[in-house]
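See below for the structure under consideration.
The values are calculated or read from the model by the stated rules, or taken from the named source; none is laboratory data. Values in this document were obtained by computation on a predicted structure and should not be read as measured data. Don't worry about glycine lacking a Cβ; one is built from the backbone with ideal geometry, like all the others, and counts go over all protein chains shown. Please note that ligands, DNA and RNA were not included when accessible areas were found on the heavy atoms of the full protein model with its side chains. Shrake-Rupley method; radii C 1.70, N 1.55, O 1.52, S 1.80 Å.
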Amino acid sequence: MKSEITTGLSNPLLPVICTVTDIREETADVKTFRIQDGQGHKPFTPLPGQLGMLSLLGVGEAMFSITAQEEDWLEMAIKKTGLLTDELHELTVGAKVGLRGPYGNHFPIKEAQGHNMLFISGGIGLAPVRSFIRYVLENRAAYGDIDILYGARSYDDLVFKDDLFQEWPKAPHTKLHITVDKGSPNWQGNVGFVPPYLEECAFSPQNAIAILCGPPIMINMCLSSLSKMGFADEQIITTLELRMQCGIGKCGRCNIGSKYVCLDGPVFSLAELRQLPQEM
C-alpha cells in the first residue's frame, strides 16, 4: 500500500508553522504535545498509522507518529532519546514548531472491518497503535471484539494511563491486558514480558486481525508467538516507523531490499515482511 500523501497538505514537504497548545507528561521521559496551525486547526488530516515530520528551528527535525487527532488538533507522544527530543521536552505551551505531512501508509482500517481486533504494543509503541484504537472505538459498530495488550518496564513507564485505566475499559466488548516487566507497590496487575503474556492470554485467531508495535526484539518475539498461536501471516500487521527519516525515499535510511519503509510502509503485514531481506 503506497503512501497517501494526498490526505494532507498540498505540499507535504513544506513545513507549517504550528503552535504547541497543550503538553501532557505521560512518564518521566515521554510527553504528549498537542499541536494546532496558525488558524487554530490541525495542519493536516492523517489516517491511523501515518506520521508527521516535526521540526524545531536551529535544532533539527524527526518523524513521529500521530497518536491522536480531533477536528482542531493533532497529538504526538515523544520519548526523550536525544538532542531533538531533549529540546522538545523543554518546550512550554505556546512554543512554535514546524510540522509537515502526513507520511507513510496507514493501518488497514477498511480491510479490518468486521474482524475482532487484537492490539499489541510495548512502551512508546502504543503511540501509533493508539491512533487505530481510537479510530475503531469511534467507529465501534464496524469492528468486532477488541483486546488491547500493552506492556512497559514498570507501572510508572505506562503511557496514556487515562486511556488504559479509565476510558478504554468502558468501551463495549473491549478488554485490557496490561503487564509490566518489574513489579512495584503501586502495581497489582500482571508482571512479565509481553510475548509470554501474549501466549498466556491465548487469543483466538478466528476472524481476528493483530496490530503490533513496540521495541524490535518485542516485535520479533510476538510475531513468532502469534504464528505459534495460529495467526496467519496476513492477519498480523506491524509498523516499522522507527526506520523512517526523510519520509520521501531519498535518504535511503529505510531501504529494505526493494522496499522503502517511508514509501511502501511503515505498515506491513507479516506476509509482506517475509518477502523482504531479514534486516529487522
Residue match in segment 230-238 (condition: in a helix (DSSP H, G or I), modelled with pLDDT under 90 and among the acidic types (Asp, Glu))
no
Selection over segment 211-228 where residues are out of contact with any Phe, Trp or Tyr (no Cβ under 6 Å at 6 or more places or on another chain), closer than 21 Å to Glu111 by Cβ and open to solvent by less than 40 Å² (accessible area, probe 1.4 Å) yields a count of 6
For segment 11-63 the number of residues that are part of a strand (DSSP E or B) and open to solvent by less than 60 Å² (accessible area, probe 1.4 Å) is 25
Scanning segment 125-160 residue by residue, those without any contact (Cβ under 8 Å) to a residue 12 or more places away in the chain and either touching a helix residue (DSSP H, G or I) at 6+ places or on another chain (Cβ under 8 Å) or more than 25 Å from Gly265 (Cα to Cα) (or both) turn out to be Ala141
Here the residues within segment 117-151 that are part of a strand (DSSP E or B) and open to solvent by 10 Å² or more (accessible area, probe 1.4 Å) are Asp147
Residue hits (segment 155-194; open to solvent by 30 Å² or more (accessible area, probe 1.4 Å) and among the hydroxyl-bearing types (Ser, Thr, Tyr)) are Tyr155, Ser184
